[in-house]
1. Quick check, is Trp307 within 30 Å of Leu7 (Cα to Cα) and at pLDDT 85 or above?
2. Being open to solvent by 70 Å² or more (accessible area, probe 1.4 Å) and in contact with a helix residue (DSSP H, G or I) (Cβ under 7 Å, 6 or more places away or on another chain) narrows it down to one residue among Glu429, Glu446, Glu470; which is it?
3. Of the residues that sit in the range 376-393 and are open to solvent by less than 20 Å² (accessible area, probe 1.4 Å) and in contact with a helix residue (DSSP H, G or I) (Cβ under 8 Å, 6 or more places away or on another chain), which one is farthest from Glu95 (Cα to Cα)?
4. Evaluate the following for Leu199: is it at pLDDT 75 or above, open to solvent by 40 Å² or more (accessible area, probe 1.4 Å), over 30 Å from Arg49 (Cα atoms) and not aromatic (Phe, Trp, Tyr)?
5. Mind listing just one residue for me: the one in the range 409-420 that is in a strand (DSSP E or B) and touching an Asp or Glu at 6+ places or on another chain (Cβ under 6 Å) and, of those, least open to solvent (accessible area, probe 1.4 Å)?
6. Answer yes or no as to whether Glu349 is within 12 Å of Leu7 (Cβ to Cβ) and either open to solvent by less than 50 Å² (accessible area, probe 1.4 Å) or modelled with pLDDT of 90 or more (or both).
Amino acid sequence: MRRGRPLWTILSLRAAAGASSFASRRRLQANSKGGSFNVRRSCPHSKLRVRQGIAQGTKLVRPPEGGPKAHGAVGRGPFGQLTMMGLLQMIGLGERLREELGHLQDEDEGNATTDESHQFVNQGRLFTPQKPLHPSRVQVMSTDFPRTIQSVQALLTGLFPDAGTEEPVKIDLRHTNSYFIPDPQPRQSAEQLRLESHLSKRAHMQEREEELKELAHRVTAALDEHLGEGAKGVSFGVGEEKDANTKSTKRQPLAWAQMAEVLTCLHSRELLPPTLSEEEVQAVSNHAAWRWFENLRHPVLANSAMWKFASRLVDTMQRRVDIECRCQACIDGGGTELVVRDEEEYEQECVEEPWLCIFSAHDSTLIGALCIFQLEMPSKWPEYGSALKVELIREEDESQPTKVLQHWIRFSLNGQVLRSTWLADEDGEPSTMVPLNELADMIDSEHELFEEGKDGSGMKYSWKDGLLREH
C-alpha cells in the first residue's frame with residue numbers, strides 16, 4: 001500500500017483585521033460589540049504593551065536602506081496597525097496550527113491517518129518527536145506593512161507559547177515590492193500595468209461595471225463621513241489603477257477593492273452605515289472578488305504578477321527534495337531508495353533547512369497564488385486571517401518505507417483542500433494533489449493573449465521565459 005509522508009509546508013497568510021487606513025478615527029473608536037475587546041475604553045498603553053509583547057522573540061530584517069517601501073495601502077499612524085481583535089485572531093490561528101502541525105505527546109509516530117483515498121504517516125503531521133516543532137525549523141517572511149508584521153508576530157506567539165530567550169525568529173521584510181503581492185508599486189513592469197488595463201476593459205467586464213455603477217456611487221456616498229484623509233487618490237489593486245492622464249469633473253466612486261476593504265472593516269465592528277443593506281455590502285464584496293479573479297486568472301497576467309512568488313515556492317520545494325536525497329543518499333535502482341547517511345556535511349545542511357515557511361501577506365497574494373497554480377476558486381473571498389497551506393508530500397511504499405515513489409504537492413485554504421483545474425485524476429476529476437515535477441513545468445509554460453482586430457486575430461501579449469512581452 002502507498003502512503004504519504006509530509007516533508008515540508010508553506011503557509012501563506014492574509015493579515016488579520018486592522019484599523020483601516022481609510023476609515024476615520026472617530027468611527028473606529030466606537031465599541032466593538034461583537035468582540036472581546038472594547039476599543040474605546042481600552043488604555044492605549046495596554047495595546048502598546050501587547051504589540052511589544054508579541055514582538056519579543058522576533059527580529060525584523062529590512063533592506064540595507066531601511067524602512068518600509070512606500071505603498072498606498074501601507075497605512076498611516078494608527079491606521080494599518082492590527083487591532084486587538086486581529087491580534088487575538090492570529091494568536092488563535094497559531095494555536096490551531098501548533099495542534100495541526102506538531103506531534104502530540106500521546107500519539108504513535110507510526111500511526112497513519114486516511115484522508116479520502118490517501119494514507120498519511122504520523123497522522124499527517126509535519127513534525128515528529130525526533131524533530132519537533134521549534135523556532136529553528138521555521139522561516140518567516142512578510143511584506144513591510146504594520147498589519148502583516150504584527151499578524152505573523154501574533155501567529156508566532158500562538159505557535160510557540162513557551163518560547164524563551166532563544167535566538168529570535170527573523171522576519172524577512174526585504175521582498176515587499178519584488179514578488180510578494182501582484183500589485184506592487186511600481187509594478188514589475190510598465191507592460192503589466194497596461195495588460196491589467198487591457199483585461200479590465202474587456203466587454204464582459206465593462207458590462208458588469210455598468211450594471212453596478214449606481215451601487216458604486218451609492219456606497220461611496222454612504223461611506224463619505226467614514227473616510228479619512230488617506231482615502232482619496234489611492235492606487236488600489238489589479239485593474240483599478242487610476243489613469244493620471246484622465247481628468248473628469250465628475251466625482252468618481254471608490255475602487256471596488258477599497259470599498260470592500262472599508263465595508264469589511266466596519267462590518268466586523270457592527271459599524272456599517274444604516275443606509276446600506278447586508279445585500280449591498282455582500283454585492284460589493286462579491287464584485288470585488290470577481291474582478292480580482294477574472295483578471296488574475298488569465299495565465300499571462302497571473303504569471304506576470306506572481307511568477308516570481310510561485311517559482312520561489314517550487315524551487316524551495318525542489319531544494320528540499322534534493323537535500324533529502326543528499327542527507328539520506330537517494331539510490332536509483334529501478335526506483336528511488338533512501339538510505340540513511342551520517343556524513344557531517346550533509347547532516348548540518350539538513351538541520352539548518354527549515355521545515356515550515358510562513359509568508360505573511362495579503363488577500364491579493366492568496367488570490368494570485370490560487371490563479372497562477374490554477375486551483376479551484378473558493379466559494380467566498382479569503383477572510384481576515386486566512387491561511388493557504390502548500391504541502392510537500394513524499395509518497396512511499398508502506399512495505400518499503402525507504403522506497404520513494406513520487407513527490408506530491410497539496411493545496412488547502414483554511415482547511416479545505418483545493419483541487420487543480422489543469423490536472424485530472426483517474427476519474428477525470430480535478431486532482432487533489434499535483435506531482436512536483438509537473439507543477440514546475442506548469443508555471444514555466446508559455447502563454448499568449450490574442451486580440452481580435454480589423455486585420456483578424458493578433459497577439460497582444462505573451463509570457464515566455466519569465467518575461468512579459470507586449471506585441
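1. Working: within 30 Å of Leu7 (Cα to Cα): yes; at pLDDT 85 or above: yes.
Taking the combined requirement at face value, the residue satisfies it.
2. Details: Glu429 fails: in contact with a helix residue (DSSP H, G or I) (Cβ under 7 Å, 6 or more places away or on another chain); Glu446 fails: in contact with a helix residue (DSSP H, G or I) (Cβ under 7 Å, 6 or more places away or on another chain).
Just a single option satisfies the conditions, and that option is Glu470.
3. Of all residues in the range 376-393, those open to solvent by less than 20 Å² (accessible area, probe 1.4 Å) come to 382, 385-388, 390-393.
From the residues that got through so far, the ones that are in contact with a helix residue (DSSP H, G or I) (Cβ under 8 Å, 6 or more places away or on another chain) too are 382, 385-388, 390, 392.
Working: Pro382: 20, Gly385: 13, Ser386: 14, Ala387: 13, Leu388: 16, Val390: 19, Leu392: 22 Å.
For the range 376-393, the residue satisfying everything is Leu392.
4. Working: at pLDDT 75 or above: yes; open to solvent by 40 Å² or more (accessible area, probe 1.4 Å): no; over 30 Å from Arg49 (Cα atoms): yes; not aromatic (Phe, Trp, Tyr): yes.
Criteria not met by Leu199.
5. The first filter runs over the range 409-420 and keeps only residues in a strand (DSSP E or B), leaving 409-413, 416-418, 420.
Checking which are touching an Asp or Glu at 6+ places or on another chain (Cβ under 6 Å) leaves us with 410, 418.
Numbers: Arg410: 31, Leu418: 4 Å².
Result: Leu418.
6. Details: within 12 Å of Leu7 (Cβ to Cβ): no; either open to solvent by less than 50 Å² (accessible area, probe 1.4 Å) or modelled with pLDDT of 90 or more (or both): yes.
No: the conditions fail for Glu349.
The values are calculated or read from the model by the stated rules, or taken from the named source; none is laboratory data. None of the values given here were measured: they were computed from a predicted structure. Here the Cβ is made from the backbone with ideal geometry for all residues, glycine too, and neighbour counts use every protein chain on show. Please note that ligands, DNA and RNA were not included when accessible areas were found on the heavy atoms of the full protein model with its side chains. Shrake-Rupley method; radii C 1.70, N 1.55, O 1.52, S 1.80 Å.
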